[in-house]
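Here's the structure, in structure tokens; my notes come after.
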Amino acid sequence: MKRASIIALAAALAAGSAWTVPAAAQGAGASGQPGMEQKQGASFSDDQLKTYAEAVKEVKEISNEYQPKMETAKSEEDQQVVRREATAEMVDAIEKKGLSVDQYNQISMVARTDPETAAKINQYLR
């Protein structure tokens, strides 16, 4: 699920990992959902990677904003409300940068296994 991947990414960002997609988000692609599979040999333009890096920065800011709210949520229901709000903001931030959530997640997954893509993203994150 797109939003589940974003939430998983937010959790990873809050835990301090820069742009890396956690294993839970990778599992979403393996579930057979279209567009979520990691495409071997997929290449992205420098503009796409720059846009992705900008989106990662915004997603990280949103994650940092919502992490304290998650920690202080008193019930599972409260946590779900916070998750929905954070997810909506993250999706909006990604889409405002001109990427779909699927594209964002695909770049994340390719970057985990392609050192060249990861290096370019790290360069743009600086």
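The values are calculated or read from the model by the stated rules, or taken from the named source; none is laboratory data. Please read all numbers here as calculations on a predicted model, not as lab measurements. Glycine also receives a Cβ, built like all others from the backbone with ideal geometry; neighbour counts cover every protein chain displayed.
Observations on the structure shown:
- Single residue of region 25-69 satisfying the filter (modelled with pLDDT under 90 and of a type in the set (A, V, I, L, M)) that is farthest from residue 124 (Cα to Cα): 30
- Residue pairs meeting the criteria (Cβ under 9 Å; at least 6 apart or on separate chains; first in contact (Cβ under 8 Å) with a residue 24 or more places away in the chain and at negative phi, in region 102-119; second of a type in the set (Phe, Trp, Tyr) and in a helix (DSSP H, G or I)): 103/52; 104/52; 107/52; 108/52; 111/52
- Hits in region 66-97 (condition: exposed (fewer than 13 other Cβ atoms within 10 Å of the Cβ) and either in contact with a Gly (Cβ under 7 Å, 6 or more places away or on another chain) or not in a helix (DSSP H, G or I) (or both)): 74, 75
- On inspection, residue 91 does not qualify as hydrophobic (A, V, I, L, M, F, W, C), farther than 26 Å from residue 110 by Cβ and at pLDDT below 95.
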